[in-house]
Amino acid sequence: QVQLVESGGGLVQAGGSLRLSCAASGSISSIDHMDWYRQAPGNQRELVARIVRGGSTYYADSVKGRCTISRDNAKNTVTLQVNSLKPEDTAVYYCYVDTGGRTYWGQGTQVTVSS
C-alpha cells in the first residue's frame with residue numbers, strides 16, 4: 001500500500017504563487033509517473049501536470065508557462081509550483097502516482113485564489 005500526503009494549499013490573491021508538495025510512502029518499488037490533478041466545483045477532475053521517471057513533463061494548456069512540476073526520485077516526492085495564479089485556478093488539487101501496476105490518489109489540498 002502507498003500513502004500520499006499533500007501540503008501547500010491555501011488562500012492566495014490573484015497574481016500570487018503557491019507551492020504544492022506530495023510525499024509518497026509505503027510499499028514503493030518504483031514510480032512511473034507522478035501527476036497533479038485538480039477539480040473545481042461542478043467540473044470534472046483534470047490533469048494539470050505530469051512528470052515521468054526520466055524527467056519529461058506535460059502541462060495542461062491552462063497552466064502552461066505558469067507551472068513547474070518537479071520530483072525527487074530518491075525521496076518519492078513531487079512538487080508543483082504555480083505562479084501568476086488566477087481565480088479560475090481555484091480547485092482541490094490532488095496528487096496521483098502510478099507505480100506501473102497500481103495507482104494512488106492523495107486526499108487533496110484546497111487552493112483558493114481571490115480576485
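Could you please state how large a percent of the accessible area of the chain is carbon and sulfur, counting protein chains only and using a 1.4 Å probe? Of all accessible area on the chain, carbon and sulfur atoms account for 45 percent. In terms of the Cα gyration tensor, with a ≥ b ≥ c the square roots of its eigenvalues, is segment 22-73 rounded because a/c is under 1.5, prolate because a/b exceeds b/c, or oblate? Note, shape of segment 22-73 comes out oblate. By the beta carbon rule, with partners counted only under 4.7 Å, the chain holds these lone Cys residues: CYS67. Round to the nearest 0.05 the FRET efficiency obtained for THR57 and SER7 when R0 = 25 Å and r is the Cβ-Cβ distance. Using R0 = 25 Å, I get an efficiency of 0.75.
The string of couplings for segment 34-50 from the Karplus curve (6.51, -1.76, 1.60, θ = phi - 60°) is 10, 10, 10, 10, 9, 9, 8, x, x, 10, 6, 5, 10, 6, 9, 7, 9 Hz, one whole number per residue in order, with x for Gly and Pro. Dipole magnitude for the chain: computed about the Cα centre from +1 point charges on Lys and Arg Cβ and -1 point charges on Asp and Glu Cβ, it is near 140 debye.
Simple rule: put +1 on each Lys or Arg Cβ and -1 on each Asp or Glu Cβ in the chain, find the dipole, and look at TYR93, ALA60, ASN73; the Cα lying farthest toward the positive end is ASN73. Per residue, the accessible area of the chain comes to 51 Å² when a 1.4 Å probe rolls over the protein heavy atoms.
The values are calculated or read from the model by the stated rules, or taken from the named source; none is laboratory data. This one's a predicted model, so the numbers in the text were calculated from it and none came from an experiment. Reconstructed Cβ throughout: ideal geometry from the backbone, glycine too, with neighbour counts over all protein chains shown. All accessible areas refer to the heavy atoms of the entire protein, side chains included, with ligands and DNA or RNA removed. Shrake-Rupley method; radii C 1.70, N 1.55, O 1.52, S 1.80 Å.
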